[in-house]
1. When you look at Arg14, is it in a strand (DSSP E or B) and either surrounded by fewer than 12 Cβ atoms within 10 Å (Cβ to Cβ) or in contact (Cβ under 8 Å) with a residue 40 or more places away in the chain (or both), yes or no?
2. Collect the residues in region 1-24 that are more than 23 Å from Glu38 (Cα to Cα), modelled with pLDDT of 85 or more and touching a strand residue (DSSP E or B) at 6+ places or on another chain (Cβ under 9 Å), keeping them in residue-number order.
3. Consider only pairs whose beta carbons are under 9 Å apart and that are at least six residues apart or on different chains; among these, list those whose first residue lies in region 19-46 and is exposed (fewer than 10 other Cβ atoms within 10 Å of the Cβ) and whose second residue is outside any loop (DSSP other than H, G, I, E, B).
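The values are calculated or read from the model by the stated rules, or taken from the named source; none is laboratory data. All values derive from a computational prediction rather than experimental measurement. A quick note on method: Cβ atoms are made from the backbone with ideal geometry, for glycine too, and the neighbour counts reach across all protein chains shown.
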Amino acid sequence: MTSLHQPHNSFVIRIWWEQAGDSQPLWRGWVQHVRSGEEAYVQDLEGLLGFIERWTGKLFNPDGSPRLLE
């Protein structure tokens with residue numbers, strides 16, 4: 001584990017849809033790591049997972065299956 005990875009983490013996550021004119025609604029989100037207070041706005045699931053994985057390490061194997069806790 002790197003120095004950022006902790007055995008327990010808490011996150012606050014908010015997601016919503018935004019309508020921009022006549023286009024399809026867009027998924028938006030906000031996530032905060034509770035302990036550090038660091039936060040980010042995201043536009044897709046990959047952005048959300050990327051933020052969370054900074055503290056947890058990779059959540060999925062290269063084949064897309066969930067990683068088991070070590």
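1. Spelling it out, Arg14 is indeed in a strand (DSSP E or B) and either surrounded by fewer than 12 Cβ atoms within 10 Å (Cβ to Cβ) or in contact (Cβ under 8 Å) with a residue 40 or more places away in the chain (or both).
2. Glu18, Gln19, listed by residue number.
3. Between residues of region 19-46 that are exposed (fewer than 10 other Cβ atoms within 10 Å of the Cβ) and residues that are outside any loop (DSSP other than H, G, I, E, B), the close pairs are Gln19/Leu26; Ala20/Leu26.
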